[in-house]
Structure formats: structure tokens, C-alpha cells
Amino acid sequence: MKRNLYILALVATVLVSCNQEPTLQKYYVENSDSKEFITLDIAPNIINTDSLELSADEKKALESLHKFNVLIYKADSIDKSKYTAEKEKVKNLLKTDQYEELMKVNSADGGFSISTKGEGEHIEEFVVFAHQQESGFGVVRVLGEDMTPTNVMTIAGLLQKANLDMKQLKPLQEMMQKK
Amino acid sequence: MKKLIIALFVLMPALIFAQSPFDKFDGRDGVTAVIVNKKMFQLMGEVKMDPKDKDAQQYLNLIKKLDNLRVFTTSSSKTMAEMKSTVTSYLKNNPLEELMRINDSGRNIRIYVKTGAKASQVRELLMFMEGSGKEESVLMSLTGNFDLSEISVLTDKMNLPGGMELNKAAKKS
């Protein structure tokens, strides 16, 4: 019996360590060519700080930021069921893929949630997931290294001061125009 | 034996993610739900603020003591009734003290607390504002380990529903 238990434990470890489960990263890749989806990568230099004199703290905060990954699904008025299915997929990914949910707001016609990955306050990834029945949903992954809450607040402050490099958002603008 | 192990595996998620009986209202039609988890409070508590700003420091100290905040609002009469019965059965299974009961122009507000070692130490705060007709029902549950007197800091900063009533309740005790 004891041996059986060992084997079971071993199998469990193997199952956990070679993770075949779908991840959010895979979801991005899989859907990047799909018509309904728009994916884009945004570099942190979208926050144009050339005109600003940065303090040491601000520099450090910016350095902790590596990139933004954006995925947007346009809701098709014809196919509500697909929207729901894709939305559920993302929701499940956020539950299974080692994310910790910080908070969520849900109401009748939409909502959003914020999740993170990382240990303690050393956050590697933020995921903001927003959905609205009429327009679709969007997932923004903020990837970085050691993004502490203080750094995040500093960046939020910088966003208000700095100019945004709009060229990087062009695919988004094009999508809006097409609509 | 095998069955037991399987059962353990099946139960594991339920044991790890302690579910609140109120979570079933999340995602319902006609329900607005706001859920803030412990990690969020932890992270918020890590933000460095001006150490001279006493209000901010007080706020940060309190934030670190919070575990979970759940607020559910609904105006659908069916869900309202279900909310009420869920609260009633929850109170039966978890003995919470009634802190205050207010009847404000037909609107019933009840505030319950689960106290810790000291009488003013709160482990759980439950507020149920029963709506009728056009008024919405609001259910709020806040868990953690904080002092009742600190509630006013929270209601001031976080714009919680029923802030005024909570303030009154905190002062009374």
C-alpha cells in the first residue's frame, strides 16, 4: 500500500511539473491569427519620457516593466455564444494558470478583474481582464520583473505626466475605424 | 484507500479556495458584485506613502489587516429573496453578533460582527441592507482582523455602502 502511495505521489509530481494545460500565453498565440481577435505587443517605451527628468525611483519603476501584451476580442452581434465561450475560456485560464485574483467587479452587462502572478510583492505579471457584452472583451498582460506596488503607483503617476507614443497603438486605431 | 485519495483530490480545490456562501451571487443576472481578495489588500498595504501623512498611514495599517471584501448589489426581487434567505441560513451556521439594526424609512439595515479575542476586535463584518420595491438590496461581507474603531477610516476612504450606518455602529460600541 505504501508503495502505491509513493507511485501516486510521483505521478502527481510529474503531472504537475510537465504542465500540459493551456496557458494564457498559448491562448494569445493560438488566436493571434484569428479574425475576431486582435493581439499586439506594446513596449514600455510607449511612455515617452524624453521630455521629463526622471528620478531614480521613476527610472527603477520603468525598468521593472518589460512589455504589455494586449488581446482584444470583438463581439460579433451575430454570434453571442462564441463571445460567451471565449470569455469563459479566458476566465478559466485565469483560474488554472497560477494566477492570483486581486479583485473583480461583475455586473449585468460587463465587468473586469485584475490578477497577478508572482511571489509576494514581487510581481511578474499583471492581467487585466475586462468584458462588456456589447463590445467584446480585452485582456491586457503587463509583463515585467519585480513590479512592486510602489513601482506600479510610480508608473501610474508617470502615465499622467508623460506623452504616449501613439504609433504603437496604431493597430488598435485601425480596428476602431473599421468598426 | 484509493477512493479516499481520489476523494481528497476532488475536494482539494474546495479546501484551498475557501468559498463564501455568498459567492454564488457573483455572475448572476442582475447582480453587481465587487470582490477584493487578500492579495490586493496586501499589495495596497505595500505602497509607500508619505510617512508624515497620518491619515494615509492609518489607512495603510488597516488595509494590511483585511482579508476579503465582498459586496453584492441587486434589484431583482427574486435574487433579493434568495439573498435574504442566504443571510439567514449563514447566520444560523455562523454565530455572528448583531451589532446594530436600523430601520430607515422602510429600509432595513442590519450589521453583524464576529468578534475575536477582544470585544472590539472584528474578524468578520456582515451588513445586509434589505431593499424593497425600487430600493436595491446590498450585502457586504468584510473579513480580516481589525478593530471596530478603525471602520471609520475605511468608510471614509473606500466609499463603502452604508458608510454612515457603519460609522454610527462603530461609535456606539
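The values are calculated or read from the model by the stated rules, or taken from the named source; none is laboratory data. Here the structure is a predicted model, which is why all the values come from computation and not from measurement. Counting neighbours? That spans all protein chains shown, and the Cβs are built from the backbone with ideal geometry, glycine included.
The residue that is nearest to the other protein chains (Cβ to nearest Cβ), among those in the range B:28-73 that are free of Cβ contacts under 8 Å to residues at least 12 places away in the same chain, surrounded by 13 or more Cβ atoms within 10 Å (Cβ to Cβ) and over 24 Å from A:Gly118 (Cα atoms), is B:Ala56. When we screen A:Val105, A:Val152 for residues that are at the interface with chain B (Cβ under 10 Å from one of its Cβ atoms), outside any strand (DSSP E or B) and among the aliphatic types (A, V, I, L, M), the only hit is A:Val152.
Per the listing B:Val122, B:Val153, the residue uniquely more than 13 Å from the chain's Cα centre (by Cα), within 19 Å of B:Lys38 (Cα to Cα), outside any loop (DSSP other than H, G, I, E, B) and not charged (D, E, K, R) is B:Val153. Just name the residue that is nearest to the other protein chains (Cβ to nearest Cβ) out of those in the range A:129-142 that are farther than 15 Å from B:Asn37 by Cβ and under 14 Å from the mean Cα position of the chain (by Cα). The qualifying residue nearest to the other protein chains (Cβ to nearest Cβ) is A:His131.
Listed residues B:Gly116, B:Gly133; which is out of contact with any strand residue (DSSP E or B) (no Cβ under 9 Å at 6 or more places or on another chain) and either on the phi < 0 side of the Ramachandran plot or at pLDDT below 80 (or both)?
Result of the check over B:Gly116, B:Gly133: B:Gly133.
Select, from A:Thr116, A:Thr150, A:Thr96, A:Thr154, the only residue that is within 12 Å of the chain's Cα centre (by Cα) and of a type in the set (S, T, N, Q).
A:Thr116
Of all the criteria given as (1) at pLDDT 90 or above; (2) more than 13 Å from the chain's Cα centre (by Cα), the one not satisfied by A:Ser107 is (1).
If you filter the range A:88-102 down to residues that are in contact with a strand residue (DSSP E or B) (Cβ under 7 Å, 6 or more places away or on another chain) and within 11 Å of chain B (Cβ to nearest Cβ), you find that the one that is nearest to B:Val47 (Cα to Cα) is A:Leu102.
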